[in-house]
1. Could you tell me which of the residues LEU161, LEU119 is touching a Gly at 6+ places or on another chain (Cβ under 6 Å), buried (at least 20 other Cβ atoms within 10 Å of the Cβ) and closer than 19 Å to HIS44 by Cα?
2. Mind checking whether some residue in region 129-142 is surrounded by 18 or more Cβ atoms within 10 Å (Cβ to Cβ) and of a type in the set (A, V, I, L, M)?
3. In this structure, is SER279 under 16 Å from GLY56 (Cβ atoms), without any contact (Cβ under 8 Å) to a residue 60 or more places away in the chain and of a type in the set (Ser, Thr, Tyr)?
4. Can you tell me which of (1) in a loop (DSSP other than H, G, I, E, B); (2) more than 29 Å from PHE206 (Cα to Cα) is the one ILE283 doesn't meet?
5. Please give the number of the condition VAL176 fails out of (1) assigned to a helix (DSSP H, G or I); (2) over 24 Å from GLY56 (Cβ atoms).
6. Name the pairs whose Cβ atoms lie under 6 Å apart, with the first residue in region 188-211 and more than 18 Å from ILE235 (Cβ to Cβ) and among the small types (Gly, Ala, Ser), the second at pLDDT below 95 and not in a helix (DSSP H, G or I), and 6 or more positions between them or separate chains?
7. Just a yes or no: is a residue in region 154-163 more than 19 Å from the chain's Cα centre (by Cα) and not aliphatic (A, V, I, L, M)?
8. From the residues in region 188-239 that are among the polar types (S, T, N, Q) and assigned to a helix (DSSP H, G or I), which one is surrounded by the fewest Cβ atoms within 10 Å (Cβ to Cβ)?
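The values are calculated or read from the model by the stated rules, or taken from the named source; none is laboratory data. Predicted model, so just to flag it, every value in this text is computed and none were measured. Here the Cβ positions follow ideal geometry from the backbone for every residue, glycine too, while neighbour counts run over all protein chains shown.
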Amino acid sequence: MSKQILCDSCSDTQCKSKNKKEGEKEEDYRERMLLASRLCRIKHKIMVLSGKGGVGKSTVAANLSVALARRGKKVGLMDIDIHGPSIPAMLGISDKRPEGSLDGIFPVKVDLPEFSGELYVMSIGLLLPNRDDAVIWRGPMKFGAIRQFIRDVEWGDLDYLVVDSPPGTGDEPLTVAQLIENADGAVVVTTPQEISLQDVRKCIVFCRQVKLPVLGVIENMSGFICPKCGEKVDIFGRDGGNRMAEQMGVPFLGSVPIETEVVSSGDRGVPIIVGNSKSKVAIAFEEITNKLIGKT
């Protein structure tokens, strides 16, 4: 069934996208229908955000997506970090390329062990001729690419779409917030120290301004686990994310410690939740995933 027919033949009389708005151009109307025809087949949409760079947001997005797929969910992971796409490398699919059809582009399927569900990925990193190529785009081009990731990618019927956003509150997260009007909400990632929390507070304010619910805060890098003795050292402070979430009136989803295996596992293209499911980091992601499923 083509993407044009999908909306035209839909029996949902309450769908706002089916009714042409007063004064709306035919081209804009069809564009809105195309977006709706993709999004209406996705049950839950979650954005992973952070006001601060370097907090491990992509690590969180990748491991949460894998955790959902391990639970039998059909998951899409959309990497909208146009200038620094890291999801393909983290999932070991940098050498793969999406295939196309008359109706759109097929996302790349991730083949990892212990999956009872499915995981599909789309990233600008999968479309570059060379993985070291720089993407030098201004706002309108980034908006167009993200819109195509939603409109032209054959996501199919998904239980979850996880959106990995670049740091800050600029073009990319704003574009997704505008295009995905009925998103379940955002997961906001921080690290414990105040210098990170200052920017993350702005991210929560951004969510409120664009009417995007905050599902909760994750404190990443919450203490370093020594690989020799197992002792935890709070090198970035302690409980900053929890306190900030309480101050801002949003839920706290949990803390994820630092383990050296997170780096080596990610570099191998195998998220730690698969590479070492008994690690403290993997256990933390499993607990956070349980909370997210409960919220959605």
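1. Only one candidate passes the filter, namely LEU161.
2. No, because not a single residue in region 129-142 is surrounded by 18 or more Cβ atoms within 10 Å (Cβ to Cβ) and of a type in the set (A, V, I, L, M).
3. Spelling it out, SER279 is indeed under 16 Å from GLY56 (Cβ atoms), without any contact (Cβ under 8 Å) to a residue 60 or more places away in the chain and of a type in the set (Ser, Thr, Tyr).
4. Tallying (1) in a loop (DSSP other than H, G, I, E, B); (2) more than 29 Å from PHE206 (Cα to Cα), ILE283 fails exactly one: (1).
5. (2)
6. none
7. No, the conditions are met nowhere in region 154-163.
8. Ranking the qualifying residues of region 188-239, first place goes to GLN209.
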